Amino acid sequence: MKLLVTGGAGFIGSNFIHYILEKYPQDKVINLDALTYAGNLENLKDVEENPNYQFVHGDIMDSLLLDELMGDIDVVVHFAAESHVDRSILDSGSFVRTNVNGTLNLLEIAKNSGKKRFHHISTDEVFGSLGKNDSAFNEKTPYDPRSPYSASKASSDHLVRSYYHTHQLPITISNCSNNYGPYQFPEKLIPFFITSLMEGKKLPIYGTGENIRDWLHVKDHCDAIDRIIRHGKIGETYCIGGGAEKTNLEITHKILELMGFDEDNIEYVPDRKGHDKRYAVDFTKMTRELGWKPAISFEDGIKDTVEWYKQNAQWLDTIKSGKYIEYGRDYRNDKHRRIA
């Protein structure tokens with residue numbers, strides 16, 4: 001199989017590329033990434049010389065480039081997205097450009113290139129916010145996005161479905177819960193808290209810390225995506241959850257415990273605008289149809305994640321210092337390592 005992975009230098013995309021190249025050594029992967037602030041080629045340093053891996057520096061709005069890349073691709077796995085809620089509140093326009101217009105452009109090129117198999121990565125945030133006793137999100141939950149980020153992802157989901165119904169493009173969609181694990185950019189909650197403690201800083205908690213999220217290890221997510229692109233039913237949506245609902249305060253206490261700190265390292269800050277109360281994901285359909293369920297418990301996953309960040313201080317340093325941007329610039333200019 002030959003895969004075009006968009007946004008493959010990001011957190012989930014880079015983990016997915018590692019997963020594919022390790023599990024299917026005969027598969028080929030083209031990684032298309034614009035290398036915005038969260039795109040980090042350091043994440044893929046250990047596969048640079050793999051003959052089945054190629055990096056292309058480019059934007060999903062570049063139709064000519066997409067035309068060139070799409071030719072002999074078997075499946076598009078579309079990760080590329082702006083994904084940080086706080087940034088979407090400050091700058092909604094860039095989220096519409098990438099998440100809506102970029103997805104539309106990619107769909108159009110996939111349609112015009114022989115109707116390529118297309119898998120779209122989305123989020124549980126499109127479903128809005130749950131009350132404490134509400135049933136978990138599932139594939140039939142009505143959309144109710146509450147932030148510019150989730151609204152842009154909801155829009156892209158609808159566009160993907162429209163190309164299935166209107167153009168018979170062979171698509172699938174997955175809506176996942178909060179991911180965590182190696183290579184996550186340290187603006188997100190878990191790596192931000194881990195790295196803050198490593199730097200001697202306090203942990204800022206929005207509001208009272210009672211907001212609830214369902215946590216999914218990125219390796220379990222990669223396994224789920226793999227099953228969907230190979231065995232999922234065309235036109236269907238699949239919800240992927242970790243079965244690990246935790247309040248932000250519980251996450252904070254666990255990280256403090258694992259790193260040997262106490263509650264004196266917590267500081268409460270004003271709540272985020274429009275902060276969703278609770279997310280939870282029912283992944284029954286994934287289990288019933290594709291035999292998938294999370295294999296990594298949150299206890300094991302968070303422990304391994306803390307250790308990974310502690311043992312990869314150099315990786316963190318490249319981000320904090322901005323060196324990862326220079327590395328990406330040098331790498332993409334090496335024409336022997338990319339498609340012309």
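Observations
- GNM flexibility winner over the chain from Thr172, Thr36, Thr123 (Cα, springs under 10 Å): Thr36
- Each residue of region 157-163 was assigned a 3J(HN,Hα) from its phi angle through the Karplus curve 6.51 cos²θ - 1.76 cosθ + 1.60 (θ = phi - 60°); the sequence is 4, 5, 5, 4, 5, 4, 6 Hz, with glycine and proline shown as x.
- Cα gyration tensor shape of region 179-295, rounded if a/c is under 1.5, else prolate or oblate by comparing a/b with b/c: prolate
- For the residues Gln184, Gln54, Gln311, a GNM of the chain with alpha-carbon springs under 10 Å puts the largest fluctuation on Gln311.
- Percentage of interatomic Cα-Cα distances in region 109-207 larger than 18 Å: 62 percent
- Dimensions (Å) - the chain, Cα atoms, principal axes, largest first: 58, 45, 38
- Only Cα sites of region 31-73 enter the Debye sum here, all with the same form factor; the resulting log10 I(q)/I(0) across q = 0.31 1/Å is -1.11, listed in q order.
- Reach of Lys233 by Cα under 20 Å, taken over lysines that are not fewer than 8 positions away in the same chain: Lys2, Lys111, Lys115, Lys116, Lys140, Lys285, Lys293
- Peptide ranges 6-17, 225-236, 69-80 listed from the most packed, as the mean C-beta count within 10 angstrom indicates: 6-17, 69-80, 225-236
Computed from the coordinates by the stated procedures, all read-outs in this text should not be read as laboratory data. Every value quoted in this text rests on a predicted model; they were computed, and no experiment measured them. With ideal geometry, Cβ positions are generated from the backbone for all residues, glycine too; neighbour counts draw on all protein chains shown.
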